[in-house]
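The values are calculated or read from the model by the stated rules, or taken from the named source; none is laboratory data. Keep in mind that this is a model prediction, so the values were computed, not measured. All Cβ positions, glycine included, derive from the backbone under ideal geometry; neighbour counts span all protein chains shown. In case anyone asks, the SASA skips ligands and DNA or RNA and just uses the protein heavy atoms, side chains included. Shrake-Rupley method; radii C 1.70, N 1.55, O 1.52, S 1.80 Å.
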Amino acid sequence: MLIKADALRAKANGFNQGMESALRVALDPLLPLPDIARVISDFTRAHPGVRVELVTAPMTMALSLVLDGDCDLGLTAAQETDAHIASEAVAAFPGMVPVCAGGHPLAAPRDGTVGLTTVDLADHLQIVVADPAADAQAVSYAVFSQQTLRVSDLATKHALILAGAGWGHLPLWLVAADIGEGRLCEVPLAARNGLPGPLLPLYTIRRIDRVRGPAMESLCRLMIAHFGGQPQATSALP
């Protein structure tokens, strides 16, 4: 009942609020940044008086920033179930791809169609991004190798994999050109059995007790208009 009351109070306050002077947005770097950048560009042209601040927020960090009130809005690939968060699905994209450098041992051709198991990967260093959220205790996801090198951001992970330091999962939008030009190779995992990985969703999240002002409303509408509210192309590679 208290949560519902907070949501109604915020909605009522929103009717009388003018345009926000600033909008602080938590942005998950897994999302297709070129598309997000086009939406932000459209928004700044439409609302030149609104100062936009983008905060890189991997994994569950977007939820933490929005819950703590440090950010007004979150753009995240993580589905949130917190009762204090209003979450709206906008679109879905081709997801994470396991890759290694072209000269890495895992890039060597293999006989047969069986993918690599955790036994095959045991001696190969996996580069992973640790969840930086305070309550996540540096949790990592989709870890298959016993040897790992943990980093705090996607750009560092990408650079290390390109340099041949190890293998790891990266979003397709980030590595499609690398794969197409032979700098990276897809690692065939038995866990995927040749099937494409799950789609990467895009959610907008906000606190239900915070006013959804005109600027936030406009940015959310632009997101939906740009992505059409529909899943994007799901082919493994362009």
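Assess whether Leu125 counts as being within 15 Å of Trp167 (Cβ to Cβ), modelled with pLDDT of 90 or more, more than 17 Å from the chain's Cα centre (by Cα) and open to solvent by 30 Å² or more (accessible area, probe 1.4 Å).
yes
Scan region 95-112 residue by residue and report those that are open to solvent by less than 30 Å² (accessible area, probe 1.4 Å) and touching a Gly at 6+ places or on another chain (Cβ under 9 Å).
Once the filter is applied, which keeps residues that are open to solvent by less than 30 Å² (accessible area, probe 1.4 Å) and touching a Gly at 6+ places or on another chain (Cβ under 9 Å), region 95-112 yields Gly95, Val97, Pro98, Val99, Cys100, Ala101, His104.
A quick yes/no check of all residues on (1) without any contact (Cβ under 8 Å) to a residue 12 or more places away in the chain; (2) among the polar types (S, T, N, Q):
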position	(1), (2)
Thr44	yes, yes
Ala62	no, no
Asp72	no, no
Leu75	no, no
Ser87	no, yes
Phe93	no, no
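Could you tell me which residue of region 66-76 is farthest from Arg150 (Cα to Cα), considering only residues that are buried (at least 23 other Cβ atoms within 10 Å of the Cβ) and among the hydrophobic types (A, V, I, L, M, F, W, C)?
Of region 66-76, the ones buried (at least 23 other Cβ atoms within 10 Å of the Cβ) are 66, 71-76.
If we keep only those that are among the hydrophobic types (A, V, I, L, M, F, W, C) too, we end up with 66, 71, 73, 75.
Working: Val66: 25, Cys71: 26, Leu73: 28, Leu75: 24 Å.
That would be Leu73.
Matching residues to (1) assigned to a helix (DSSP H, G or I); (2) at positive phi; (3) surrounded by 14 or more Cβ atoms within 10 Å (Cβ to Cβ); (4) modelled with pLDDT of 95 or more:
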| position | (1), (2), (3), (4) |
| --- | --- |
| Arg38 | yes, no, no, yes |
| Phe43 | yes, no, yes, yes |
| Glu53 | no, no, no, yes |
| Ala78 | no, no, yes, no |
| Ala86 | no, no, yes, no |
| Ala91 | no, no, yes, no |
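Considering every residue within region 58-65, establish whether at least one is modelled with pLDDT of 85 or more, open to solvent by 70 Å² or more (accessible area, probe 1.4 Å) and either in a loop (DSSP other than H, G, I, E, B) or not hydroxyl-bearing (Ser, Thr, Tyr) (or both).
Within region 58-65 (the criterion being modelled with pLDDT of 85 or more, open to solvent by 70 Å² or more (accessible area, probe 1.4 Å) and either in a loop (DSSP other than H, G, I, E, B) or not hydroxyl-bearing (Ser, Thr, Tyr) (or both)), the answer is no, since none of the residues qualifies.
Tell me the helices (runs of 4 or more DSSP H) entirely within region 154-238 that contain at least 2 residues that are at pLDDT below 95, open to solvent by 10 Å² or more (accessible area, probe 1.4 Å) and out of contact with any Pro (no Cβ under 9 Å at 6 or more places or on another chain).
In region 154-238, the matching helices (runs of 4 or more DSSP H) lie at 214-227.
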